[in-house]
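Student: I'd like to ask you about the structure that follows.
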Amino acid sequence: MATPIEKKYTDSRPNSQKKYQSSEKLFPNGVTHDARMMKPFPYYISHAEGSKKWDIDGNEYVDYKSGHGAMLLGHAHPEIIKVVNETIAKGSLPGASTELEVAWAQAIKNLVPSAEKIRFTSSGTEADMMGMRIMRAYTGKDKIIKFEHHFHGWSDGASATGGVDANWEYGIPKQVLDTMVIIPPNDISIVESTLENDNNIAGIMLEPTGAHMGQYPIRPSFVKELRELCTKKNIVLMFDEVVTGFRVARGGAEEYIGVKPDISSWAKVLGGGLPGGCVTGQAQFMEILEKTPESKGMYHPGTFNAYPISAAAGAKALTIVKNTNVNEIAAERGQQLVTGINNVLTKLEVPGYAYGQDSLVHLKLGVEANSVEDLINMPSDEPNVFNSGALNHQLGLSLLNQGIDSWSASRFIMMASHTEEDVNKTISAMENAFIEAREQGSM
């Protein structure tokens with residue numbers, strides 16, 4: 001039986017419900033991205049601008065999905081629209097090098113200290129794939145250390161979970177999964193022991209602020225220890241900056257933490273809202289891609305590498321990042337939201353803690369914590385009504401009913417276009433969501 005929150009969601013979205021019935025006949029689960037699966041059915045967006053978007057039923061939302069993290073500047077930014085229109089009018093894919101790719105690469109190099117050389121891809125997943133191959137080619141070794149819960153795209157190797165998640169590993173040969181070594185983060189002794197007992201490890205890859213955009217935080221001191229250890233062992237340290245890049249700081253997490261990796265993968269903000277990814281790195285590692293008469297080079301084609309439309313949008317977006325205060329605005333709004341949600345939790349006596357890295361805000365329910373360090377030191381979650389997932393689903397639907405689009409009330413990705421009013425509305429909506437969930441017996 002539908003809850004009152006679910007009934008309100010359904011009643012206010014008849015067009016989306018009808019559209020989903022058509023989608024189910026076209027797509028597995030009726031969606032084109034696993035993260036968009038939703039009960040009772042997903043909503044369908046007609047347009048977006050600034051911090052807002054509207055569905056096909058006319059419902060308006062303050063948007064914290066933020067294009068899966070890509071839209072730091074906000075939706076339909078006028079300068080991005082202008083440059084995209086100008087570029088596409090000149091032809092979208094000439095099948096040759098363009099001035100735009102040079103400008104895009106230079107914009108990256110202007111911001112990222114470790115970016116001595118750059119190679120473009122079409123997505124973050126592709127960038128992670130390239131980074132993993134560079135690690136293996138550079139060292140001549142086969143295995144890569146990956147940390148628990150860390151997300152590096154959906155390629156075969158990157159999807160390894162150490163057997164924890166059968167869905168992620170479904171369809172991947174055991175031989176491939178065995179090339180990934182999955183260990184917990186935040187304990188350098190485990191990394192040292194792993195390297196001591198296995199001489200076939202090419203490198204270490206990680207989300208440098210923690211898994212799932214920092215949902216599972218990592219101590220900056222641990223990242224610094226990894227840097228020292230990789231240098232000592234002569235293996236490759238790779239940062240996955242697909243989400244953090246140009247967001248947690250202008251130069252990404254390497255600037256935010258103060259640690260210089262050997263190579264990094266980038267996407268999302270990189271493309272200014274269009275598809276695009278890249279690998280950056282110190283020259284000695286990136287030269288693995290170079291072909292010379294004296295040596296072989298790593299093969300890397302790709303029809304949409306440095307796609308001109310993405311290059312134009314990306315170069316413009318990164319120029320805006322460099323020359324304006326968009327990072328600071330998004331970070332300030334994120335801190336406002338963290339403070340407001342924690343005040344709501346205290347007022348309503350709901351166990352939980354809101355936290356984040358500037359513009360990446362998370363909410364963990366069912367815990368007693370006062371700091372990120374408290375979260376790091378906590379044992380694995382004991383199941384309870386607050387962390388079962390069912391409550392977050394109801395809270396997320398309640399927020400949608402109030403015009404707030406989040407990741408099931410557990411993640412909020414800030415944009416520079418978010419206003420104080422947007423965030424204040426969100427804080428009030430969170431309070432109402434908890435009250436509605438409590439009244440219908442969901443908590």
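Please treat every number below as a calculation from the coordinates, not as lab data. Keep in mind the model is a prediction, meaning the values are calculated, not measured. Glycine gets a Cβ as well: all are built from the backbone with ideal geometry, and neighbour counts include every protein chain shown.
Student: Hey, got the dipole for region 78-323? About the Cα centre, +1 on K and R Cβ, -1 on D and E Cβ, debye to the nearest 20? Kindly include the intermediate steps, with their values, before the conclusion.
Tutor: Working: 24 positive and 28 negative charges, 114 e Å.
I would put it at about 540 debye.
Student: Given charges of +1 on the Cβ of Lys and Arg and -1 on the Cβ of Asp and Glu, with all other atoms neutral, how large is the dipole of the chain about its Cα centre, in debye to the nearest 20?
Tutor: About 960 debye.
Student: I want the local charge near residue 110. Using Cβ-Cβ distances under 10 Å, sum +1 for each Lys or Arg and -1 for each Asp or Glu among the other residues. Present the calculation step by step, with values, prior to reporting the outcome.
Tutor: Details: positive: 109, 250, 322; negative: none.
Once all neighbours under 10 Å are counted, the net charge is +3.
Student: Could you tell me which residue out of 276, 132, 313 lies farthest along the dipole of region 78-323 toward its positive end? Charges go on the beta carbon: Lys and Arg +1, Asp and Glu -1, centred on the Cα centre.
Tutor: Farthest towards the positive end: 313.
Student: Of 59, 15, 29, which is farthest on the positive side of the dipole of region 1-67, counting Cα position, with +1 on Lys and Arg Cβ, -1 on Asp and Glu Cβ, and the Cα centre as origin?
Tutor: Of the options given, the answer is 29.
Student: Could you go through region 325-330 in sequence order and give the Karplus-derived ³J(HN,Hα) for each residue, using 6.51 cos²θ - 1.76 cosθ + 1.60 with θ = phi - 60°, rounded to whole Hz, and x for Gly and Pro?
Tutor: Working through the residues one at a time gives 9, 4, 5, 5, 5, 4 Hz.
Student: Something else now. Within 10 Å, count the other beta carbons around each residue, average over each peptide in 207-214, 228-235, 181-188, 402-409, and list them highest first.
Tutor: Going from most to least packed, we get 207-214, 402-409, 181-188, 228-235.
Student: Here's a follow-up. Enumerate by residue number the GluC sites (Glu not before Pro) in region 303-356 meeting two conditions: DSSP loop (anything except H, G, I, E, B), and at most 13 other Cβ atoms within 10 Å of the site's Cβ.
Tutor: On the way: sites: 328, 332, 349; in loops: 349.
Filter output for region 303-356: 349.
Student: What does the charge count near residue 162 come to, summing +1 for each Lys or Arg and -1 for each Asp or Glu among other residues with Cβ under 15 Å from its Cβ?
Tutor: Combined, the nearby Lys, Arg, Asp and Glu give -3.
Student: Which is farthest toward the positive dipole end of the chain among 201, 401, 100, measuring Cα position about the Cα centre, with Cβ charges +1 (Lys, Arg) and -1 (Asp, Glu)?
Tutor: So the residue we want is 100.
Student: Now for a separate question. About the Cα centre of region 294-443, how large is the charge dipole given +1 on each Lys and Arg Cβ and -1 on each Asp and Glu Cβ? Please answer in debye to the nearest 20.
Tutor: 540
Student: Measure nothing but the geometry: give the 0 to 90° angle between the long axis through the Cα atoms of 220-233 and the longest principal axis through the Cα atoms of the chain, rounded to 10°.
Tutor: Taking Cα atoms only, the helix is inclined about 20 degrees.
Student: Return the long-range amide H neighbours of residue 404 (sequence gap of 5 or more, or a different chain), with a cut-off of under 5 Å between placed amide H atoms.
Tutor: 62
Student: Based on the mean of other Cβ atoms within 10 Å per residue, sort peptides 367-373, 121-127, 189-195 so the most packed one is first.
Tutor: 121-127, 189-195, 367-373
Student: Here's something else I'd like to know. Enter the angle in degrees (range 0 to 90, nearest 10) between the Cα long axis of helix 99-109 and the first principal axis of the Cα atoms of the chain, meaning the one along which they spread out most.
Tutor: 80
Student: While we're looking at this one, here's another question. As a check on your grasp of the helix formula, calculate [θ] at 222 nm for the chain: sum -39500 (n - 2.57) over DSSP H runs of n ≥ 4, divide by the residue count, round to the nearest 500.
Tutor: One gets -12000 deg cm²/dmol as the mean residue ellipticity at 222 nm.
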